[in-house]
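Notes for the one structure printed next.
The values are calculated or read from the model by the stated rules, or taken from the named source; none is laboratory data. Source: prediction; values computed, not measured. Cβ atoms come from the backbone with ideal geometry, glycine included; neighbour counts cover every protein chain shown. Remember, those area values only see protein heavy atoms, side chains included, never the ligands or the DNA or RNA. Shrake-Rupley method; radii C 1.70, N 1.55, O 1.52, S 1.80 Å.
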Amino acid sequence: MPDLTQSGSEELVLAFLAEAGDEVVSGEAISDKLGLTRAAVWKHVEALRQQGYRIDAVATRGYRLVEVPDRLRALELKPLLNTHDVGQVLHCYEELGSTNDRAKQLAEEGAEHGEVVVAEKQTEGRGRRGREWISPARRNVAFSVVLRPEALPPVRAPELTLVASLAVCDALRQAGVGCGIKWPNDVLAGGRKIAGILTEMEAEPDRVHWVVVGVGVNVNTRAEDFPPELRGEATSILIERGQPAPRALFLAALLSGLEAWYDVHEEQGFEPIREAWKARTVTLGREVSVRTDGEDVVGLAEDIDEQGALLVRTPRGVKRIYSGDVALLRPR
Ligand code: BTN
């Protein structure tokens, strides 16, 4: 059960019901476990119902949580999280310019490792290479997490982007969407982009102060929510599955996966991340054209190296690419 010792009784009742899943939980069990009177349990259940939770009262047997409101707030997310750090402090906003900007500000002000900023809508969402990231209100998941790796040299910080891409890919697959990672960290479903990651950091030459990893996933975006020029290139869980996904559940699974992969990286280094990334990528073995700052590199994407750089075999030898935009050309 998540550590909710800092939470109010209402949140604890919700956590108890959420953990029971489809099971009916008796009022007695809740009151015994949480040290509340039966009347207090009933009062909290009523308060939750007022906020949009559907909690069925099953005759003589107790309560069952049937539906969680489609909101991304601490009350919805905390009971669903299975983490020790990531998301234990949540900053949830109806609207923000960019969650990355807010997370960077919080990091500067001393935010702890794992603090997460979530917004229902971003007005200035940013993508890689100065691009715009569109997140219409209440349809997607847009968040940023502050990470404070203890012993990671700044040159290795980009590995954390690959760590995040594993968690995004896994959460999408759990939600029933077949997807793969395009180097370095775009997640594609059916050849179209469903999620992106923007990593920023502050460091001295030999010490990382903080890394902010920002993730945007198109969850319940309809085709008409995308600008016409993006419709052929972008997709969402809703479009792929034909039905919407509960965003709080999706985000909680993603944050839990992010922490699990972060822990693997911290304890075992980059190699298991590299292997897991290779098992999920759609880039390797493909002819690619990579737009880098200096030139366009065309060739066969063969591998990623021990730092996550893409190795592309060209007629002039193997090129090692540290950052760029990949276009997938014909299949192998
Ligand atoms: C990309 O694919 O170019 C990266 C997109 C990253 C978008 C996310 S949404 C949450 C966070 N806040 C931002 O402004 N950007 C990232």
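Mind checking which residues of the range 47-85 are open to solvent by 20 Å² or more (accessible area, probe 1.4 Å), outside any helix (DSSP H, G or I) and within 30 Å of Val163 (Cβ to Cβ)?
Val68, Asp70, Arg71, Arg73, Asn82, His84, Asp85
Which of (1) out of contact with any helix residue (DSSP H, G or I) (no Cβ under 7 Å at 6 or more places or on another chain); (2) surrounded by fewer than 15 Cβ atoms within 10 Å (Cβ to Cβ) is the odd one out, the single condition Pro272 does not satisfy?
Every condition holds for Pro272 apart from (1).
So, Val68, is that one at pLDDT 95 or above and within 30 Å of Gly127 (Cβ to Cβ) or not?
Working: at pLDDT 95 or above: no; within 30 Å of Gly127 (Cβ to Cβ): yes.
When the stated conditions are applied, Val68 does not pass them.
Checking Lys121 against (1) of a type in the set (Lys, Arg); (2) farther than 22 Å from Val326 by Cα; (3) away from the ligand (no atom under 14 Å from the Cβ), which single condition isn't satisfied?
All conditions are met except number (3).
Test each condition in (1) over 24 Å from Trp261 (Cα atoms); (2) touching a strand residue (DSSP E or B) at 6+ places or on another chain (Cβ under 8 Å) for Gly87 and report the one that comes out false.
Going through the list (1) over 24 Å from Trp261 (Cα atoms); (2) touching a strand residue (DSSP E or B) at 6+ places or on another chain (Cβ under 8 Å), Gly87 breaks only (1).
Those residues that are modelled with pLDDT of 90 or more, open to solvent by less than 50 Å² (accessible area, probe 1.4 Å) and outside any loop (DSSP other than H, G, I, E, B), I need them from the range 18-46; list them, please.
Val25, Gly27, Ala29, Ile30, Ser31, Leu34, Ala40, Val41, His44, Val45
Quick one: in the range 86-98, of everything that is within 11 Å of the ligand (Cβ to nearest atom) and in a loop (DSSP other than H, G, I, E, B), which residue is surrounded by the most Cβ atoms within 10 Å (Cβ to Cβ)? Lay out the reasoning, then the answer.
First pass over the range 86-98, keeping only residues within 11 Å of the ligand (Cβ to nearest atom): 96-98.
Add one more test, that the residue is in a loop (DSSP other than H, G, I, E, B), and what stays is 97-98.
Values: Gly97: 14, Ser98: 21.
Restricting to residues being within 11 Å of the ligand (Cβ to nearest atom) and in a loop (DSSP other than H, G, I, E, B), the top hit is Ser98.
Report, by residue number, each residue of the range 99-147 that is open to solvent by 20 Å² or more (accessible area, probe 1.4 Å), assigned to a loop (DSSP other than H, G, I, E, B) and more than 22 Å from Ala252 (Cβ to Cβ).
Passing the criteria: Glu109, Gly110, Thr123, Glu124, Arg131, Ile134.
Only residues that are within 20 Å of the chain's Cα centre (by Cα) and of a type in the set (D, E, K, R): list them for the range 229-249, please. Break it down stepwise before answering.
Looking only at the range 229-249, we keep the residues that are within 20 Å of the chain's Cα centre (by Cα), and these are 234-241, 243-249.
Glu240, Arg241, Arg247, listed by residue number.
Given the criterion out of contact with any Pro (no Cβ under 7 Å at 6 or more places or on another chain), within 14 Å of the ligand (Cβ to nearest atom) and open to solvent by 40 Å² or more (accessible area, probe 1.4 Å), identify the matching residue among Pro158, Pro153. Even if it seems obvious, please write down each step before you answer.
Values: Pro153 fails: within 14 Å of the ligand (Cβ to nearest atom).
Matching residue, one of Pro158, Pro153: Pro158.
What number of residues within the range 194-253 are in a strand (DSSP E or B), within 15 Å of the ligand (Cβ to nearest atom) and open to solvent by 30 Å² or more (accessible area, probe 1.4 Å)?
Final tally of qualifying residues: 3.
Listed here are the residues, each with its yes/no results for (1) hydroxyl-bearing (Ser, Thr, Tyr); (2) over 23 Å from Leu72 (Cα atoms).
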| position | (1), (2) |
| --- | --- |
| Ala203 | no, yes |
| Val213 | no, no |
| Glu229 | no, yes |
| Val264 | no, yes |
| Glu267 | no, yes |
| Thr283 | yes, yes |
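Among (1) over 15 Å from Thr199 (Cβ atoms); (2) near the ligand (Cβ under 8 Å from one of its atoms), there is one condition Trp133 misses while meeting the rest; what is its number?
Every condition holds for Trp133 apart from (1).
Condition first: open to solvent by 80 Å² or more (accessible area, probe 1.4 Å) and under 22 Å from Ala279 (Cβ atoms). Now tell me which residues in the range 303-321 satisfy that.
Residues of the range 303-321 that are open to solvent by 80 Å² or more (accessible area, probe 1.4 Å), as a first pass: 306-307, 313, 315-316, 320.
Hits for the range 303-321 are Glu306, Gln307, Arg313, Arg320.
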